[in-house]
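Written out below as structure tokens is the structure these notes cover.
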Amino acid sequence: MVLRDMLEAPGSVMRQEEELIEVSEKPLFIMSGDSVRGWECVLAPFYRDDPFSAVKYNAEEWAALLVVANKYLMAGMEADAIKGLKQARPPLDMVQLMIIAQKVQSDELYQLALQSLAQRDQMLSLEEAQRIGLKAFHDVVTTEHVYFVRTRREMLGVHQPGYVGSPTRIKKNGFAWGAMIDSD
């Protein structure tokens, strides 16, 4: 009854306990900004032809499911969606993954996308940089620089006192981002 009421069109008539009720008289539950694909993925386990087979999602479906699960505080489903996104083959485009990580505030997915974008062969295009935003673009460029410096130092055999030869995570504005630490 709850799901039917949520998905019923405003102004339509529905039957409840043998009496007709005008839906517009009831308060509506508006689900603005939700994707149809996300709700299809949320409901797929309940409405499938073979109830004994596991639901299989692709990367785009895991991403849509994650956004809905995060918005409506479905913690278990959100954790499953993050795990599914990390294991999906083929994986989600890393620019899209970074955008979703920002939207759901997932440091784990943000780091995955950040490291992948920083290590890829081609630079971010202007369009990709605009899509991920200035802060994320700065994080990618900073992490690229870190990898470059580390690689150059390793190739030259330079060992500085206190130099940590791998990126570490530093919390900044709620997200962790790659950086090198030079300690004294």
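Right, Ser12: at pLDDT below 85, exposed (fewer than 10 other Cβ atoms within 10 Å of the Cβ) and of a type in the set (Gly, Ala, Ser) or not?
yes
Among the candidates Tyr47, Tyr72, Tyr57, Tyr110, which residue alone is under 10 Å from the mean Cα position of the chain (by Cα) and among the aromatic types (Phe, Trp, Tyr)?
Unique residue meeting the criteria: Tyr110.
For the stretch 129-145, give me the residue count where each residue is in contact (Cβ under 8 Å) with a residue 24 or more places away in the chain, in a helix (DSSP H, G or I) and either of a type in the set (Gly, Ala, Ser) or closer than 23 Å to Gln105 by Cβ (or both).
Total satisfying the criteria: 8.
Any residue at all in the stretch 125-146 that is farther than 30 Å from Trp39 by Cα, at pLDDT below 80 and open to solvent by 90 Å² or more (accessible area, probe 1.4 Å)?
no
Residue check: is Ala101 buried (at least 20 other Cβ atoms within 10 Å of the Cβ), in contact (Cβ under 8 Å) with a residue 12 or more places away in the chain and farther than 30 Å from Val146 by Cβ?
It is false that Ala101 is buried (at least 20 other Cβ atoms within 10 Å of the Cβ), in contact (Cβ under 8 Å) with a residue 12 or more places away in the chain and farther than 30 Å from Val146 by Cβ.
Please specify each residue of the stretch 59-118 satisfying the condition of being over 21 Å from Glu40 (Cβ atoms), among the small types (Gly, Ala, Ser) and not in a loop (DSSP other than H, G, I, E, B).
Hits for the stretch 59-118 are Ala101, Ala113, Ser116, Ala118.
Which of the residues that make up the stretch 49-64 are open to solvent by 50 Å² or more (accessible area, probe 1.4 Å) and of a type in the set (Gly, Ala, Ser)?
Of everything in the stretch 49-64, just one residue is open to solvent by 50 Å² or more (accessible area, probe 1.4 Å) and of a type in the set (Gly, Ala, Ser), namely Ala54.
The values are calculated or read from the model by the stated rules, or taken from the named source; none is laboratory data. Computed from a prediction, not measured in an experiment: that's the story for all the values here. All Cβ positions, even for glycine, are placed from backbone atoms using ideal geometry, and neighbour counts span all protein chains on display. Heads up: the accessible areas ignore ligands, DNA and RNA and are worked out on the full protein's heavy atoms, side chains in. Shrake-Rupley method; radii C 1.70, N 1.55, O 1.52, S 1.80 Å.
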